[in-house]
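Working notes for the structure below.
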Amino acid sequence: MKTEINLDTWKRKSHFEFFSAMDEPFYGLTVEIDVTQAYKKAKELKTSFFIYYLYATLKTINELPAFKLRIDNGKGFSA
């Protein structure tokens, strides 16, 4: 369930104003990551590396409140 953010009291108001003014308010990042340990763990579990890292990535994303923010019709929401 999404909850509307009160921008008047929200500490990240300036971030919202910056990104909501964009036509495409997204940010991308590319980095190199050593996944050797994750690959070994997936093989120990006899599972696909893709499934292993996809699960770990989505689990981590869902634990970060900043990744659950959305702009909908000019208003800010958290999930």
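Since every read-out is calculated from the coordinates, none of them should be taken as a lab result. Just so we're clear, the structure is a prediction, and the values are computed from it rather than from any experiment. Every residue, glycine as well, gets a Cβ built from its backbone with ideal geometry; the counts of neighbours run over all protein chains shown.
Using alpha-carbon pairs under 8 Å, 6+ residues apart, how would you state the relative contact order of the chain in percent?
Result for the chain is 45 percent.
Most exposed first by the Cβ proxy, i.e. fewest other Cβ within 10 Å, how do M1, M22 rank?
M1, M22
Starting from the amide H of G76, placed 1.01 Å from N in the peptide plane, find each other amide H under 5 Å away whose residue is 5 or more places distant or on another chain.
Close amide H contacts, sequence-distant or interchain: I5.
What is the total of Lys pairs in the chain with C-alpha atoms under 26 Å apart, excluding same-chain pairs fewer than 8 positions apart?
Here the count comes out as 15.
Find how much the distance from S20 to N6 grows on full extension, using 0.36 nm per residue of separation minus their present alpha carbon separation; answer in nm with one decimal.
On the way: separation 14, 0.36 × 14 = 5.04 nm, distance 1.48 nm.
Extra length from S20 to N6 when fully extended: 3.6 nm.
GNM on the chain, C-alpha springs below 10 Å: top fluctuator among I33, I51, I61?
Comparing I33, I51, I61 in the GNM, the peak value goes to I33.
Give me D for the chain in µm² s⁻¹, whole number, from Stokes-Einstein with Rh from the Kirkwood sum over alpha-carbon pairs, 37 °C and 0.692 mPa s.
215
So what is the 222 nm mean residue ellipticity for the chain from helices alone, if each DSSP H run of at least 4 adds -39500 (n - 2.57) and you divide by all residues, rounding to the nearest 500 deg cm²/dmol? Don't skip to the answer; put the middle values down first.
Working: 3 runs with 32 residues, N = 79.
Estimated from H runs of four or more residues: -12000 deg cm²/dmol.
Modelled label-to-label distance, T60 and K13, 7 Å Cα→beta-carbon offset: nm?
Between T60 and K13, the label points sit 3.3 nm apart.
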